[in-house]
Amino acid sequence: MIIMQECFNSPYGHVHFPVYAENIGYFPGKPYSVPESKSESVQMLSSAAKESGTWLIGGSIPERDLTSNKVYNTCTVYNPKGKFFYQMAQWVCLPYLRASLHRRSCRHPSKNSSV
């Protein structure tokens, strides 16, 4: 199993999250295609899991939800075939100039997958 660190793809800090935020674009109940993802980090993590043939926990990625414009600190998980398996996100409340985290519901693209 590979486990990445938090915010591995950006400087750490609430002032950096909006600048480095990526659009992961996963919506619960809808098909998700990693090759069509706009997130370079999602594509890279999926490829690394597939190439190594192991589970990969993607640390966290600053994510911008384009429907609400909120920024989340999002963890993604990939199976040994590189399939996007799981996502958990926490909202980073930026207007108060402090990182206030609120958990958004966990999203399972692979409901029937087994660990």
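The values are calculated or read from the model by the stated rules, or taken from the named source; none is laboratory data. Note that the structure is a prediction, hence the values are computed from the model and not measured. Quick reminder, even Gly has a Cβ in these numbers, built from the backbone with ideal geometry, and neighbours come from all protein chains shown.
Which residue is surrounded by the most Cβ atoms within 10 Å (Cβ to Cβ), if the candidates are limited to region 71-102 and must be closer than 22 Å to GLU36 by Cα, at pLDDT below 85 and among the hydrophobic types (A, V, I, L, M, F, W, C)?
ALA89
Scan SER105, SER68 and give me the residue that is polar (S, T, N, Q), modelled with pLDDT under 50, over 14 Å from VAL42 (Cα atoms) and surrounded by fewer than 18 Cβ atoms within 10 Å (Cβ to Cβ).
On the way: SER68 fails: modelled with pLDDT under 50.
Among SER105, SER68, only SER105 is polar (S, T, N, Q), modelled with pLDDT under 50, over 14 Å from VAL42 (Cα atoms) and surrounded by fewer than 18 Cβ atoms within 10 Å (Cβ to Cβ).
How many residues, within region 35-76, are part of a helix (DSSP H, G or I), more than 12 Å from ASN9 (Cα to Cα) and either in contact (Cβ under 8 Å) with a residue 40 or more places away in the chain or within 8 Å of the chain's Cα centre (by Cα) (or both)?
3
Would you mind telling me which numbered condition in (1) over 12 Å from THR76 (Cα atoms); (2) in contact (Cβ under 8 Å) with a residue 40 or more places away in the chain; (3) not hydrophobic (A, V, I, L, M, F, W, C) PRO11 fails?
Result: PRO11 fails condition (2) only.
Looking at region 28-65, which of its residues are among the aromatic types (Phe, Trp, Tyr) and surrounded by fewer than 17 Cβ atoms within 10 Å (Cβ to Cβ)?
TRP55, the sole residue that qualifies.
Considering only residues that are over 15 Å from the mean Cα position of the chain (by Cα), assigned to a loop (DSSP other than H, G, I, E, B), closer than 20 Å to LYS70 by Cβ and of a type in the set (A, V, I, L, M), which ones fall in region 1-21?
VAL15
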